[in-house]
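The values are calculated or read from the model by the stated rules, or taken from the named source; none is laboratory data. Keep in mind that this is a model prediction, so the values were computed, not measured. Note: ideal-geometry Cβ built from the backbone for every residue, glycine included; neighbour counts use all protein chains shown. Quick note on the areas: whole protein, heavy atoms, side chains included, nothing else; ligands and nucleic acids left out. Shrake-Rupley method; radii C 1.70, N 1.55, O 1.52, S 1.80 Å.
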Amino acid sequence: QVQLVESGGGVVQAGGSLRLSCVASGSITGIGTMGWYRQVSGKQRELVATISSGGSTNYPDFLKGRFTVSRDNTKNTVYLQMTSLKPEDTAVYYCYAVITHFNGIRYYTDNYWGQGTQVTVSS
């Protein structure tokens, strides 16, 4: 089974920093795009950052400059460095990855999500 396991969430004061990590494990041939999304209660899940297998990144304009996504392909891990955190950043953060598998006959890809980790920024 393929799993995405997150760590690094918690409570931080406004202006502080947190670093989230997400490790993919299981029957994996390769990993394409990885990224992070977040969801506030009662609102739609929104994009935080994505990073391609080649290292190209994408951020929404309102977050660019404060958050940085990176990856370590040797560890099947994606990171999210969050700085200058604001109370409005409080949300459940979800890890995402496009993973290639080999089932013994052919290669195929699926989309996977982590379980989510709570980030709370206090005033």
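Assorted remarks:
- When residues of region 54-113 are limited to those that are open to solvent by 80 Å² or more (accessible area, probe 1.4 Å) and of a type in the set (F, W, Y), the one modelled with the highest pLDDT: W113
- Only listed residue being closer than 22 Å to V5 by Cα, of a type in the set (K, R), in contact with a strand residue (DSSP E or B) (Cβ under 7 Å, 6 or more places away or on another chain) and touching a residue at least 60 places away in the same chain (Cβ under 8 Å), chosen from R38, R71, R45: R38
- Only one of G8, G26 that is at positive phi, surrounded by 16 or more Cβ atoms within 10 Å (Cβ to Cβ) and in contact (Cβ under 8 Å) with a residue 12 or more places away in the chain: G8
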